[in-house]
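The values are calculated or read from the model by the stated rules, or taken from the named source; none is laboratory data. Nothing here was measured: the structure is a model prediction, and the numbers come from that model. Positions of Cβ are backbone-derived with ideal geometry, glycine not excepted, and every protein chain shown enters the neighbour counts. Accessible surface is based on the protein model in full, side chains and every heavy atom, while ligands, DNA and RNA are left aside. Shrake-Rupley method; radii C 1.70, N 1.55, O 1.52, S 1.80 Å.
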Amino acid sequence: MRGLSVAALLVVLLAGCTSSKLSGQASGFGKLTLDAVAAQKLQLSAYAEEEAKDIAAELAEKRVELTYSSACLGLANHTDEPAACVVLTASGDKVPTPFAATNTVELAASLGAYADGLVQLSGDFSKDSTAFSASLALLATRVGGLSGAISSVAQQKLPFSTAQLSAVANIAATVGNLYLESERANALRRIIVAADPFVREATLQLARSDEQLRGIGLARAFEKMRLARVALSKAVASEAASTAVGVKQKEFLKAFDDYKRQAAMKSGFLALGEAHGQLAAIAKSGGSAADMAAYFLKLTTAAKSIAQSVQTLKVADGKAK
């Protein structure tokens with residue numbers, strides 16, 4: 001009997017170690033994902049603001065006369081949709097609009113909320129059933145929010161069936177006895193598997209937004225490099241002092257480095273989606289807490305790469321403090 005008691009104690013201690021490791025790795029993933037989301041939000045807003053200024057400056061320089069579409073007249077009696085009421089040039093062309101960041105920011109925030117909820121659930125995994133149940137219900141709600149945010153960015157109905165959404169929502173309602181840690185581990189695995197299609201689609205949409213940002217940033221960086229080269233050529237041609245030429249050379253080399261840095265950037269969101277898919281595969285196969293902790297580490301690495309990429313873009317664009 002004494003041997004059985006010692007064995008039982010060892011099982012409890014080992015379970016506590018693995019669940020603590022899982023919680024620790026999940027915490028790193030959650031923090032870095034939230035940091036990456038916050039950084040991307042700033043970058044998206046900065047690009048949208050700068051692009052809006054560029055459009056306004058171009059319209060003013062070309063002395064473009066502005067008017068409104070005929071649909072604007074129908075808003076008062078509800079015969080037209082608000083989206084059809086747009087600003088036009090006098091020749092009837094649509095006025096360019098800056099990069100739409102609002103829906104992307106909301107999607108990134110929803111992904112961050114999911115990460116935060118998954119961290120909380122993993123932390124409550126080794127605690128009491130009441131805390132775990134509350135965290136499970138919260139995470140299911142956040143997956144639903146993630147689904148809505150994905151649809152807003154994609155601007156179309158996505159291939160998520162009612163059954164897929166119901167599967168996530170029903171996990172919190174249909175789990176069995178959560179007093180046992182093994183049952184809590186099973187519920188954790190189930191919701192990770194059910195949430196995976198939504199996380200994968202969210203990271204795909206965010207990666208596409210990153211590519212749009214990269215294109216905008218790259219065009220701006222190239223223009224800065226071109227102007228720096230023109231300024232250098234003028235300084236050389238004017239027989240300016242060597243110190244003045246040296247300043248222009250440094251400005252050109254900095255613009256050149258910034259351009260190459262942005263050209264080399266790749267989105268880290270796809271890697272985050274792949275890592276979550278691997279975590280879901282381990283969860284689906286009944287992997288242990290230690291197994292899942294190892295894949296949370298991969299998620300953490302992917303989230304870290306996103307934060308670093310955004311920080312590099314901020315430095316290249318002169319936004320770093």
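Things worth noting here:
- Some residue of the stretch 237-251 being of a type outside the set (A, V, I, L, M, F, W, C), touching a residue at least 60 places away in the same chain (Cβ under 8 Å) and on the phi < 0 side of the Ramachandran plot: no
- LYS248 being at pLDDT 90 or above, farther than 30 Å from LEU299 by Cβ and in contact with a Leu (Cβ under 6 Å, 6 or more places away or on another chain): yes
- Residue within the stretch 192-200 that is of a type in the set (Gly, Ala, Ser), modelled with pLDDT under 90, crowded, with 19+ Cβ neighbours inside 10 Å and part of a helix (DSSP H, G or I) present: yes
- Among (1) over 30 Å from ARG208 (Cα atoms); (2) modelled with pLDDT of 75 or more; (3) open to solvent by 60 Å² or more (accessible area, probe 1.4 Å) - the single one ASP93 does not satisfy: (1)
- In the stretch 186-200, the residues that are closer than 19 Å to SER288 by Cβ form Cβ pairs under 6 Å with partners that are aromatic (Phe, Trp, Tyr) and open to solvent by less than 40 Å² (accessible area, probe 1.4 Å), at six or more places apart or across chains, as follows: LEU188/PHE125.
- Pairs where the first residue, in the stretch 147-165, is within 14 Å of VAL199 (Cβ to Cβ) and the second is at pLDDT below 70, C-beta under 7 Å, 6+ apart: SER147/PHE160; ILE150/LEU158
- Each residue in the stretch 61-82 was checked for being closer than 25 Å to ILE216 by Cα and assigned to a helix (DSSP H, G or I), and 1 of them qualify.
- Any hit, the stretch 229-244, residues being buried (at least 17 other Cβ atoms within 10 Å of the Cβ), not in a helix (DSSP H, G or I) and not hydroxyl-bearing (Ser, Thr, Tyr): no
- Within the stretch 96-117, considering residues that are part of a loop (DSSP other than H, G, I, E, B) and open to solvent by 60 Å² or more (accessible area, probe 1.4 Å), the one modelled with the lowest pLDDT: ALA100
- Residue check, GLU58 out of contact with any strand residue (DSSP E or B) (no Cβ under 9 Å at 6 or more places or on another chain), in a helix (DSSP H, G or I), surrounded by 13 or more Cβ atoms within 10 Å (Cβ to Cβ) and at pLDDT 75 or above: no
- When the residues of the stretch 61-88 are filtered to those that are among the small types (Gly, Ala, Ser) and under 37 Å from the mean Cα position of the chain (by Cα), the one that is most open to solvent (accessible area, probe 1.4 Å) is ALA83.
- Test for ARG261: is it touching a residue at least 24 places away in the same chain (Cβ under 8 Å), open to solvent by 40 Å² or more (accessible area, probe 1.4 Å) and either farther than 30 Å from SER166 by Cβ or not hydroxyl-bearing (Ser, Thr, Tyr) (or both): yes
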